[in-house]
1. May I ask you to sort TYR104, TYR130, TYR157, TYR109 by Cβ crowding, counting other Cβ atoms within 10 Å and putting the fewest first?
2. Using only Cα atoms, find the angle between the long axis of helix 109-120 and the longest principal axis of the chain, and express it within 0 to 90 degrees, rounded to the nearest 10.
3. Tabulate in residue order the Karplus-calculated ³J(HN,Hα) for the stretch 65-82, using 6.51 cos²θ - 1.76 cosθ + 1.60 with θ = phi - 60°, rounded to whole Hz; enter x for Gly and Pro.
4. In a Debye calculation with equal point scatterers on the alpha-carbon sites of the stretch 29-126 and no solvent, what is log10 I(q)/I(0) at q = 0.11, 0.19 Å⁻¹?
5. For every other residue with a beta carbon closer than 12 angstrom to the beta carbon of VAL173, add +1 if it is Lys or Arg and -1 if Asp or Glu, then tell me the sum.
6. List the residues whose amide H sits under 5 Å from the amide H of LEU62, counting only those 5 or more places along or on another chain, with H placed 1.01 Å from N in the peptide plane.
7. What value in Å³ per residue do you get for the convex hull of the alpha-carbon atoms in the chain?
8. Taking every pair of Cα atoms in the stretch 35-80, average 1/r, invert it to obtain the Kirkwood radius, and report Rg/Rh to two decimals.
Amino acid sequence: MKNSLTLLCFLLLTTISCAQTQGNRPKVNSEEFDKKISKTISFSIPVMGVDELVEMQEDVILLDARPQSEFDISHIKGAKRIGFKNIDEEALAGIDKDEQIVVYCSIGYRSEKVGEKLKRMGFKNVYNLYGSIFEWINQGNEVVDKDEKTTGKVHTYNKRWSKWVEDGKAEKVW
């Protein structure tokens, strides 16, 4: 029984992973941005769409994989900053390895890499937010600053990457 349940879970996860790489990706506002995201990430971690996160935000651990300077400008309310190159293991204190974790960054590359590290550390339910904070903003969701106050700013990494935040959705800072 245990072996067949393990096999069933493996097949289900494989099917989900294959479906994501074959075009069943979460909805984003811009087809061009969707193409950029799908060429940038490898889908090594299951993705979650912004709509899905909005519905279940209270039930997940939200981790921001960006540097402190980007996090301070704005982040998704309730997120803990975990970083990218050097994971802040204090951010993981008290998190059960079975809890659902959603990691994000600007568009999803850094968060995918952090998600891979978390999986290697034994965390089982890790997701990458598809389109990350840029798509969160593009879909009209609020962000907060370092003082947890709602802000209209978003750190866009640099001028070149700022094009992926739709004009008028936020003040672009880099």
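Values quoted throughout were computed directly from the atomic coordinates according to the rules given, and no laboratory measurement underlies them. These numbers were taken from a predicted model, which means no experiment stands behind them. Cβ atoms come from the backbone with ideal geometry, glycine included; neighbour counts cover every protein chain shown.
1. Working: TYR104 32, TYR130 28, TYR157 20, TYR109 17.
Listed from fewest to most nearby Cβ atoms, that is TYR109, TYR157, TYR130, TYR104.
2. 30 degrees
3. 8, 9, x, 3, 4, 6, 4, 5, 5, 6, 7, 6, 3, x, 6, 9, 7, 10
4. -0.30, -0.94
5. The answer is -1.
6. Those lying under 5 Å, H to H, from LEU62 are LYS80, VAL102.
7. Taking only Cα atoms, the chain has a hull volume of 118 Å³ per residue.
8. On the way: Rg = 12.4 Å, Rh = 12.5 Å.
A ratio of 1.00.
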